[in-house]
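The values are calculated or read from the model by the stated rules, or taken from the named source; none is laboratory data. Because the structure is predicted, anything quoted here is derived from the model rather than measured. Cβ coordinates were reconstructed from backbone atoms using ideal geometry, including for glycine residues, and neighbour counts include every protein chain displayed. In case anyone asks, the SASA skips ligands and DNA or RNA and just uses the protein heavy atoms, side chains included. Shrake-Rupley method; radii C 1.70, N 1.55, O 1.52, S 1.80 Å.
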Amino acid sequence: MTVEEIKQKSSQMFSDYLNYVIEDICGVAGNVEFFPMVVMTNNSRFSDTLKEHAQDMVDIFVVSKNKTGRGFSLDMESVNTRSSGRKSIIKQVYFSTEADYLDFINVRQRVETLKTALTGLVQENFVSSEHLCEWAKKHVRDLTVEHPEGLQFWHNIALCVRRISNPNEASSASLNFPPDFIDANKTLIHSLCPGKNQETETESEPAEEPSRDLYAVSESPARTFLIRFRSLSRESPLKLGRLTPEEIALTLDDFTHLNQTTFLRDIDIVLIVKSESVFKTFPCSEHVFCIFGPDYAVNTLKLCDWLKRFKIVYFGDIDEHSFDVISTFRNTFPDAKSLCLDMETWKKFRTHGESGGRLKNDAVPKNMTDEETQTFESLRAAKVKNHFSQDRIPPEYMLEMLEKIKTQSDD
């Protein structure tokens, strides 16, 4: 028995301790006390302990709670020996309190973060205690991440899960956070939804993203959503007093009145782009106005009725979800076009495709053109290489395809 062995054994027991904490917070633990927690027991013969490990015993004692007032405690026993007379030996090493244990393995802050997050989720009462307990044991790392929003972060997560699980439930709570919150945390949101079997998911078939369900049931998107936009037209730059900013961000409420500005007079096309990097770097194109619209967040634009005056083009990744996004978007803007969601583009880049997500239950979007349907079916048949990020499409090709749409007549 050495100090290093005590440290190693204490760390190994951390997983059991966390399970105890999680079960206790979720209210599914029995009447079992975890402390005092025995870490090691000395089963050596007295003669061996004294002769071979005398220095180890001294090293252990001088850093123990018996000596310093903190850390692990020692259960000592006096024994008679033939060679050395009456001597004290260590019978067991244990932690008398939770604080002693957490400080010794240096995880107090991490555990406090987990406790705060999990207690907040329990108070939300949005899933069963058993489900939350099992989820927490598999997502300790997520629960120990500190978020600037504090408990508000987990309240938002719970609200998203509640909206997805009970889309018909009347609730006065609004989704009062930016749309990129959903996309940034969609995996976490999905993992908490009851009935999602994470163990059956494979790398080639990731879980269905919850963003579509969430935006679909959100009847009144928060007016605090920020809409970012820029002009791709040199002839119609953005104007802010004497400034010509590269981009502007407005709340959704203000954006609904953007049609009153003069720079839109020479705009013909509104291009909605999923990727932030593509949004920032899309090449100049006259008479084009560009909006940053990540995934299903584009559906918040349904409040902007003035957009129907323009030819709307959606540009997402080449994958199943982009076809679903444009399909749901057409519920409000039926004439919306898609950029690069065609067989010509897919055939050009498909050999460089990657593994991507599939729609839940192998659903097929309803509002697709014949060209989009053909491309979607080809993507689904690919199974493994069924995703190509728009970030990898050369800018000159994007521009070329956009120019083609400009020349197309509105059917």
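For region 284-390, the C-alpha radius of gyration sits at 1.07 times the compact-globule guess of 2.2 N^0.38 Å, with N the residue count. Near the amide H of PHE72, within less than 5 Å, lie the amide hydrogens of LYS65, all on another chain or at least 5 residues away, with H placed in the peptide plane. The stretch between ALA363 and VAL28, if pulled fully straight at 0.36 nm per residue, gains 116.9 nm over its current Cα-Cα span. In this structure, SER277 and GLU396 have a Cβ-Cβ separation that, at R0 = 22 Å, corresponds to a calculated FRET efficiency of about 0.85. Rounded to the nearest Hz, the phi-derived 3J(HN,Hα) couplings of region 247-257 under the Karplus curve 6.51 cos²θ - 1.76 cosθ + 1.60 (θ = phi - 60°) are 8, 9, 10, 10, 5, 4, 4, 6, 5, 5, 9, where x marks glycine and proline. Inter-part distance, region 140-160 to region 225-273, computed on C-alpha centroids, equals 34 Å.
FRET efficiency for the HIS147 to ASN331 pair, using the beta carbon distance and R₀ = 35 Å, is estimated at 0.60. Between ASN259 and GLU124, residue separation times 0.36 nm minus the direct Cα-Cα distance comes to 44.5 nm. Express the carbon and sulfur contribution to the solvent-accessible surface of region 231-298 as a percent, rounded to the nearest whole number, probe 1.4 angstrom. Ligands and nucleic acids excluded, carbon and sulfur reach 48 percent.
Measuring with a 1.4 angstrom probe and ignoring ligands and nucleic acids, LYS115 comes out at about 50 Å² accessible. Once the 1.4 Å probe is applied to the protein heavy atoms, region 327-411 comes out at 54 Å² accessible per residue. Pairs from the list LYS186/LYS280; LYS115/LYS138; LYS7/LYS186; LYS91/LYS138 with a Cα-Cα gap above 26 Å: LYS7/LYS186; LYS91/LYS138.
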